[in-house]
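S.K.: The structure is given below, and queries will be raised subsequently.
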Amino acid sequence: LASREVKPEPSIIDVCGVKFGGENIPVIAGPCSVENEEGVIKTAEFIKAAGAQMLRGGAFKPRTSPYSFQGLEEDGLKILAKAREATGLPIVTEVTNPRYVDMVYKYADMFQVGARNVQNFALLSELGKTDKPVLLKRGMSTTIEEYLNATEYILSEGNKNVILCERGLRTFETATRNTLDISAVPVIKEKSHLPIIIDPSHAAGHWQYVGPLSKAAVAIGADGLIIEVHPEPEKAWSDGAQSLTPTQFLKLMGSMRSIALAI
Ligand code: PEP
Ligand code: MN
């Protein structure tokens, strides 16, 4: 169902009026984790003023260690809903377990499935039964064929609103957190009608590479970006090293706009 052979024309996925897969390149931004109401609302207002069209923030965090901060759960979802009320930005947030789908559904405008859950087929099937869009991230060692097969678990249940996201692969290189597989964009566009966006933050792992990778994403024809922004990255509860400050984000939005105009 994800294949171009079944549907030759590109799919445009509409998330509360934000369209992925068409002419525009929407940018989703926000903190890795939802930490507190004031910080999330401040960030949402800033990224909106800078031109972002959706807010991200994790309330359920799939951390490597069970002893790390796991997210504010429903309290975090409530904070995201308040930020949407304050700014009008639709929200995307991660769901990590089929038993939380109903809860996250109440607050989110789009579900996020993280890299670690790309082949959590029980979760994917459950999301396929809902009517909200799903941002399905590629795993750190998922082939494109495996990735597109994972989308079928959602599509075959009836939910046709799937957006793909390349976020870097695990390779031998340690200078970056992951290696951004930029070629996934043209390969997936050839094989599938689904939109594909880029997450430069989790690929880079270090804020100073987020700008160059974002510009490459725009130039190669990605259908959007998801970028981590935190008011005080050095104090972030997760992924501070790869988070942009609001000022850095504003500057990046300006340079991405010039690339989009140049191509
Ligand atoms: C995230 O978006 O904060 C996240 C956990 O990403 P990934 O699943 O790509 O590691
Ligand atoms: Mn993160």
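S.K.: Compare the peptides 7-16, 169-178, 72-81, 55-64 by average per-residue count of other Cβ atoms within 10 angstrom and give them in order, highest first.
M.R.: In decreasing order of mean packing, 7-16, 169-178, 72-81, 55-64 become 55-64, 72-81, 7-16, 169-178.
S.K.: Going 7 Å from the Cα of K191 along its beta-carbon direction, which residues of region 137-161 have the amide nitrogen within less than 14 Å of the resulting point?
M.R.: 138-139, 141-153
S.K.: Just to be sure I understand: if I project the alpha-carbon convex hull of region 1-156 onto a plane and average over all orientations, what area do I get in nm²?
M.R.: 9.5 nm²
S.K.: Taking the Cα atoms of region 90-249, report the difference between the largest and smallest coordinate on each principal axis, in whole Å and largest first.
M.R.: Cα extents, longest axis first: 40, 34, 27 Å.
S.K.: When DSSP beta bridges are limited to those with both residues in the chain, what percentage is antiparallel, rounded to the nearest 5?
M.R.: Within the chain, antiparallel bridges account for around 15 percent of the total.
S.K.: Next question. Would you mind pulling out the separation of the Cα centroids of region 218-249 and region 35-101, in Å?
M.R.: If you average the Cα positions of each part, the centres end up 14 Å apart.
S.K.: Given the Cα-Cα distance of F69 and E23 and 0.36 nm per residue of separation, how much length would full extension add, in nm?
M.R.: Between F69 and E23, full extension yields 12.7 nm more.
Each value in this text was obtained by applying a stated rule to the coordinates, not by laboratory testing. The shown structure was predicted, so the numbers you read here are calculated from the model rather than taken from an experiment. Glycine also receives a Cβ, built like all others from the backbone with ideal geometry; neighbour counts cover every protein chain displayed.
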